[in-house]
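The values are calculated or read from the model by the stated rules, or taken from the named source; none is laboratory data. For clarity, every value in this text was computed on a predicted model and none was experimentally measured. FYI the Cβ positions are ideal-geometry reconstructions off the backbone, even for glycines, and counts take in every protein chain you see. Accessible surface areas use protein heavy atoms only, side chains included; no ligands, DNA or RNA. Shrake-Rupley method; radii C 1.70, N 1.55, O 1.52, S 1.80 Å.
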Amino acid sequence: MSNEKTHYFAHEYESIEMLADRISEALLCPITIEDANHQIIAYSRHEGEIDPVRIATIMRRRVPEHVINSLWKSGAIPTLFETEEPVVIPAIGQVSLGERVAISVRKQDKVIGFIWAQSGAHFSDEQMAILKEAAKAVRNQLLQHEKRKRAAEESHQEFFWKLLTGHFAARNEMEQANKAYGLSLTGSLLVILFDFGRTIDRTLERQIDYLTETLQQLASIARTYDGEQLVLLIRFKEPADLETVSSYITDFTSKSAERLGLSPVGAAGTAVKNPLHVQESYQEALRVLKMKQIFSTITLPHCFDQLGIFQSIEQFRSIRLGKKNAVIEALEEYDKTHNANMIESLYMFLAHDGNINEAASVMHVHPNTLAYRMKRISEITGFNSKDMSGKTLLYIDLLIRQMNHSLN
């Protein structure tokens with residue numbers, strides 16, 4: 001390669017868009033420049049045939065989530081995070097993605113973005129060298145973009161914390177303060193928490209940022225970190241759909257386990273129309289999280305509105321303070337004398353609404369074993385599973401007992 005060709009991008013460019021066009025001209029194919037979270041920063045003008053993924057990416061200003069998932073499954077994105085060399089990515093027909101050649105843009109060991117070239121055919125060694133040179137040329141532009149984005153996020157975080165802590169006394173006061181931040185607070189607002197069980201350092205924060213921005217089922221308009229927790233503010237144009245919220249939390253947890261090796265506990269408050277009530281949604285999410293931590297052997301819903309009796313179990317605990325339950329006392333004595341676990345069996349039976357198969361599966365025992373234990377429990381205590389009022393009070397007292405053990 002001649003010396004002239006090793007300096008395709010030697011001079012300064014007025015904008016990253018102009019640089020994108022220059023890279024496209026040098027490589028003879030369309031290119032896109034993304035930040036580290038697959039949001040489009042710039043793309044070249046394109047002529048000729050382009051595939052549906054490029055069109056969708058440009059329209060949305062970000063790579064579609066199903067395409068990102070496919071690139072993870074194929075190993076393309078993990079490879080881009082691991083190497084500084086260009087990566088050839090074969091076509092993925094299931095998502096209509098044509099062949100690509102991509103390279104990560106780095107500041108030392110940190111990935112700050114990507115260049116994607118719609119190659120259409122195998123790149124020559126010369127084109128690979130040009131792409132590596134392009135990554136160096138794009139770096140300063142992406143660093144400036146990252147700096148501006150980080151400053152905006154930190155500014156948003158301050159305002160977000162004021163919403164979370166009920167700082168504003170009136171809506172006009174809040175709206176006046178929001179003029180400096182420009183958050184869109186119309187529609188329904190809802191707080192989602194994820195507790196990672198470990199302090200979120202800067203490295204983990206960047207990984208979580210990536211996951212948050214590439215999951216696109218919900219519109220997250222602000223986020224902040226508090227010790228071991230990620231706090232998200234979600235906005236809905238339409239009334240909040242709890243199934244979508246639950247699905248998002250499940251998906252986030254699954255992908256976090258898959259990509260980060262961590263399984264955070266997720267929780268969501270109630271959707272509110274008035275931004276002044278975001279504090280209430282936050283407190284409800286914290287209560288869901290607390291209930292999940294206390295009652296870890298039971299699968300609780302992610303959303304406060306679906307929490308049922310667990311919304312009020314702390315109040316029941318105060319009301320029942322000092323009260324005795326004859327069934328529980330009898331079973332505690334039996335378990336102690338016979339080294340049995342009748343209390344746990346009854347607890348899981350009631351927690352699964354009397355479904356022997358479900359409760360036995362969670363306890364890892366045969367359904368016949370649990371059925372026998374329930375028969376013995378009735379013989380020992382007189383417990384009647386058809387007495388709804390007695391059964392309800394017994395379940396509440398068992399929950400209170402579990403809470404007492406967890407908090408002591």
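Of note:
- Carbon + sulfur, % of accessible area of the chain - ligands and nucleic acids excluded, 1.4 Å: 49 percent
- Rounded to the nearest angstrom and listed largest first, the equivalent-ellipsoid semi-axes of the range 347-390 from its Cα gyration tensor are 18, 13, 7.
- Between the range 230-299 and the range 111-174, the alpha-carbon center distance in angstrom: 25 Å
- The figure for THR337 is an accessible area of roughly 90 square angstrom, using a 1.4 Å probe on the protein chains alone.
- GNM flexibility winner over the chain from VAL87, VAL95, VAL362 (Cα, springs under 10 Å): VAL362
- Over 18 Å [Cα-Cα, the range 217-263], rounded percent: 38 percent
- For a label point 7 Å along the Cα-to-beta-carbon line of GLU154, residues of the range 192-221 with backbone N under 20 Å: 200-210
- Spin-label pair SER220-TYR181: with each label point 7 Å from Cα along the Cα-Cβ axis, the two points sit 1.6 nm from one another.
- Local electrostatic count at SER406 - Lys and Arg +1, Asp and Glu -1, tallied over other residues with Cβ under 13 Å: +3
- The chain, accessible area per residue, ligands and nucleic acids excluded (1.4 Å, Å²): 50 Å²
- Helical content alone sets the calculated 222 nm signal of the chain at -16500 deg cm²/dmol, taking -39,500 (n - 2.57) per DSSP H segment of four or more residues and averaging over every residue.
- In terms of overall dimensions, the range 305-394 has a Cα radius of gyration and Dmax of 13.8, 41 angstrom.
- Cα-Cα over 27 Å, subset of LYS110/LYS290; LYS147/LYS292; LYS73/LYS110: LYS110/LYS290; LYS147/LYS292
- Solvent-accessible surface (1.4 angstrom probe) belonging to TYR210, in square angstrom, nearest 10: 20 Å²
- Here is the P(r) of the range 35-110: all C-alpha pair distances, binned every 5 Å from 0, give 3, 14, 25, 28, 21, 8, 2, 0 in whole percents.
- Normalised contact order of the chain, rounded percent, pairs of Cα under 8 Å and 6 or more residues apart: 11 percent
- Cleavage-rule hits, chymotrypsin sites (Phe, Trp or Tyr not before Pro), the range 226-318, DSSP coil, Cβ neighbours within 10 Å at most 15: none
- Relative intensity, log₁₀ I(q)/I(0), of the range 146-285 from a Debye sum that treats every alpha carbon as a point, q = 0.09, 0.11, 0.15, 0.22 Å⁻¹: -0.25, -0.38, -0.72, -1.51
- FRET efficiency, LEU321 to LYS375 (Cβ-Cβ, R0 22 Å, nearest 0.05): 0.10
- Largest-first ordering by accessible area, 1.4 Å probe, given options MET59, MET291: MET59, MET291
- Taken over the range 39-168, the alpha-carbon convex hull comes to 147 cubic angstrom per residue.
- Stretching the chain fully between SER254 and GLN108 yields a gain of 49.6 nm (0.36 nm per residue, less the alpha carbon separation).
- Alpha carbon Rg of the chain, scaled by the compact-globule rule 2.2 N^0.38 Å: 1.28
- Added length on full extension, which subtracts the Cα-Cα distance from 0.36 nm per residue, ALA170 to THR79: 27.7 nm
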